[in-house]
1. Within the range 32-47, count every residue that is crowded, with 16+ Cβ neighbours inside 10 Å and within 24 Å of the chain's Cα centre (by Cα).
2. Which of the residues spanning the range 13-38 are charged (D, E, K, R) and in a loop (DSSP other than H, G, I, E, B)?
3. Scanning the range 253-263 for residues that are hydrophobic (A, V, I, L, M, F, W, C) and either under 24 Å from the mean Cα position of the chain (by Cα) or under 26 Å from R228 (Cβ atoms) (or both), which turns out surrounded by the most Cβ atoms within 10 Å (Cβ to Cβ)?
4. For E78, state whether it is over 17 Å from A291 (Cα atoms), out of contact with any helix residue (DSSP H, G or I) (no Cβ under 8 Å at 6 or more places or on another chain) and charged (D, E, K, R).
5. I need the full set of residues from the range 282-328 which are farther than 25 Å from E183 by Cα and touching a residue at least 24 places away in the same chain (Cβ under 8 Å), in order please.
6. Working only within the range 95-128, note down all residues that are among the basic types (K, R) and in contact (Cβ under 8 Å) with a residue 60 or more places away in the chain.
7. Taking the condition surrounded by fewer than 18 Cβ atoms within 10 Å (Cβ to Cβ) and under 16 Å from D168 (Cα atoms), does R228 pass?
Amino acid sequence: MVKFGILGAGRIGKVHANTIANSPRASIAYVADAIHDAAVSLAASVGAQVAGVDEIIASDVDAILIATPTDTHADLIEAAARSGKAILCEKPVSLSVERIEALLPVVEKAGVPLMIGFNRRFDPNFAGLQKRLREGDVGEVEIVTIISRDPAPPPVSYIARSGGLYRDMMIHDFDMARFLVGEEFVSVSAIGGALVDKAIGTAGDVDTAAVQMQTASGKIAVITNSRRATYGYDQRVEVHGSKGMLRAGNVHMTTLERADGAGFTQDVIQNFFIDRYVAAYAAEVNTFIDAMANGTVPTPSGHDGLMAQKLAEAATKSSQTGQVVRVG
């Protein structure tokens, strides 16, 4: 039985806590949150106690799940690692590549597992696509196309501390591109604009962006993001290879279709990321629990978090300068 301490009782913390509470192989001992009432509510729902962050890290739990604000992740990972705890941390590790590079040796020296929450790797559609790629279904991968569009932009107050679209939103797609291609990207070219909300541009960010990346062997990834999609939460992937193409489309609310003289219509696509990735979030946590039980190394790893952040920083720099950025 894996005993967890949960740091962060917000939206994602609740999702992960429910998965753990429903697992026959895991339990939650403690919950912490800066908002005391949130911690009390979540702890009551999963049969845990409320405690302080330092108290939880120093306790007898086996694993720490970090679902706190981004700017706290790196320090909490270090503290948990030094205390000998296994760690599952929401993305990103940090908004700074240098901070991640300083952090990973601490985790390695402690000898504890560190898994980063790039949940989309665990989506049944994307995971199935990646498996078939590795089995050679479409031959050699040549170009990957990833489309991610949110239904609506977040408040500008969130934008100010998010690190920007490339580090906050597109970082999922950078990880997905690496996951699918199976090679590291060495060059990044990005363009972006504030087309959805001018206040986002005033805050120094973009809400509409496109990125092209290439590996040393020539494989290409194209990623497009938008903070607005009037038709729902748009999440699509297409991989073209030497023998064909694989594609994973959007998930609709139902499989219902209607046909008449005007053609075929389907039900709308899902509109909220937690609904779209409910199976992925559960599979992510259960994969971590499996790794704990089997003594295996969980992925995505801290290194995966570092490489995605390097691509995010390269894209940010490219968008600001108009230059192709090499990734070291």
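1. Of the residues in that region, 5 qualify.
2. Let us first name the residues in the range 13-38 that are charged (D, E, K, R), namely 14, 25, 33, 37.
R25, D33, listed by residue number.
3. Start the filter on the range 253-263 by keeping residues that are hydrophobic (A, V, I, L, M, F, W, C), which leaves 253, 256, 259, 262.
After this cut, where a residue has to be either under 24 Å from the mean Cα position of the chain (by Cα) or under 26 Å from R228 (Cβ atoms) (or both) as well, the list is 253, 256.
Values: M253: 13, L256: 9.
My answer is M253.
4. On the way: over 17 Å from A291 (Cα atoms): yes; out of contact with any helix residue (DSSP H, G or I) (no Cβ under 8 Å at 6 or more places or on another chain): no; charged (D, E, K, R): yes.
It is false that E78 is over 17 Å from A291 (Cα atoms), out of contact with any helix residue (DSSP H, G or I) (no Cβ under 8 Å at 6 or more places or on another chain) and charged (D, E, K, R).
5. Let us first name the residues in the range 282-328 that are farther than 25 Å from E183 by Cα, namely 282, 285-286, 289-290, 292-295, 320-321.
Result: A282, V285, N286, I289, M292, A293.
6. Pass one, the range 95-128, residues among the basic types (K, R): 99, 109, 120-121.
Within the range 95-128, R120, R121 meet the criteria.
7. Numbers: surrounded by fewer than 18 Cβ atoms within 10 Å (Cβ to Cβ): yes; under 16 Å from D168 (Cα atoms): yes.
Taking the combined requirement at face value, the residue satisfies it.
Each row is one residue, and each column tells you yes or no for (1) among the hydroxyl-bearing types (S, T, Y); (2) free of Cβ contacts under 8 Å to residues at least 12 places away in the same chain; (3) touching a strand residue (DSSP E or B) at 6+ places or on another chain (Cβ under 7 Å).
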site: V138; (1), (2), (3): no, no, yes
site: V144; (1), (2), (3): no, no, yes
site: I147; (1), (2), (3): no, no, yes
site: A152; (1), (2), (3): no, no, no
site: F174; (1), (2), (3): no, no, no
site: A190; (1), (2), (3): no, no, yes
site: K198; (1), (2), (3): no, yes, no
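The values are calculated or read from the model by the stated rules, or taken from the named source; none is laboratory data. As the structure is a prediction and not an experimental result, all values here were calculated from the model. Every residue, glycine among them, receives a Cβ derived from its backbone with ideal geometry; neighbour counts consider all protein chains shown.
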